Amino acid sequence: MGVEIERKFRVREDWQPDGTGEAIAQGYLSSVPERTVRVRLRGERGYLTVKGKNGGADAARRAEFEYEIPAADARAMLALAEPGVIEKTRYLVPAADGHTWEVDVFHGENEGLVVAEVELGAEDEVFARPAWLAAEVTGDARYYNSSLARRPYRLWEAHDAGTAGAQ
């Protein structure tokens, strides 16, 4: 069984991308809390991903199965997706400790949101926190992409006093 262990953080406002990112469009065929089925177009490659429930005491770990599919199929599935397709640019940022951070700069209805994720081999794996990280949001359902598709950042960011100036 595939397992994903990742930690997610907001990114400080002064962070600037270094290099060219990759455009991503993703939608959800199912976004119920027990499982999500995501279709993604990443550049000119398509992917279908099934993820298990996220949250609780083990918020950083969940089942994940991802399969490459033809880009034409991904485009057709995006047209079938639930309302709220996510648009973002992903930047890969190598860290000195050997990890690679995925920094997502959101567009469209989620404009203004920037988050970084690091994939780990174990929940207790030690990793260096770059200075450009802000608050950790692992386990905060508002930051799940499936949640952002249903309730975009622009609808709640003005009311989130906890992130004022800390993005």
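The values are calculated or read from the model by the stated rules, or taken from the named source; none is laboratory data. Since we're looking at a predicted model, the values are computed, not measured. Note that each Cβ is placed from the backbone with ideal geometry, even for glycine, and that neighbours are counted across all protein chains shown.
Points worth noting:
- Extreme residue, surrounded by the most Cβ atoms within 10 Å (Cβ to Cβ), among residues of the range 106-124 that are assigned to a loop (DSSP other than H, G, I, E, B) and in contact (Cβ under 8 Å) with a residue 12 or more places away in the chain: L113
- Yes/no for G2 being among the small types (G, A, S), out of contact with any Gly (no Cβ under 8 Å at 6 or more places or on another chain), surrounded by 19 or more Cβ atoms within 10 Å (Cβ to Cβ) and over 20 Å from L155 (Cβ atoms): no
- Of all the residues in the range 125-153, those that are free of Cβ contacts under 8 Å to residues at least 60 places away in the same chain, loosely packed, with under 15 Cβ neighbours inside 10 Å and not in a loop (DSSP other than H, G, I, E, B) number 1.
- Flag if K88 is out of contact with any Leu (no Cβ under 9 Å at 6 or more places or on another chain), surrounded by 14 or more Cβ atoms within 10 Å (Cβ to Cβ) and of a type in the set (K, R): no
- Test: residue in the range 53-66 that is within 30 Å of D124 (Cα to Cα) and either under 13 Å from the mean Cα position of the chain (by Cα) or of a type in the set (S, T, N, Q) (or both): yes
- Test: residue in the range 90-104 that is modelled with pLDDT of 95 or more, under 19 Å from V50 (Cα atoms) and β-branched (V, I, T): no
Let's see how each residue does on (1) among the basic types (K, R); (2) touching a residue at least 60 places away in the same chain (Cβ under 8 Å):
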site: R10; (1), (2): yes, yes
site: D18; (1), (2): no, yes
site: I24; (1), (2): no, yes
site: S30; (1), (2): no, no
site: R35; (1), (2): yes, no
site: L48; (1), (2): no, no
site: G52; (1), (2): no, no
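- Search result, residues across the range 100-135 that are closer than 17 Å to E22 by Cβ, among the aliphatic types (A, V, I, L, M) and touching a helix residue (DSSP H, G or I) at 6+ places or on another chain (Cβ under 7 Å): V115
- Some residue of the range 66-77 being among the basic types (K, R) and crowded, with 16+ Cβ neighbours inside 10 Å: no
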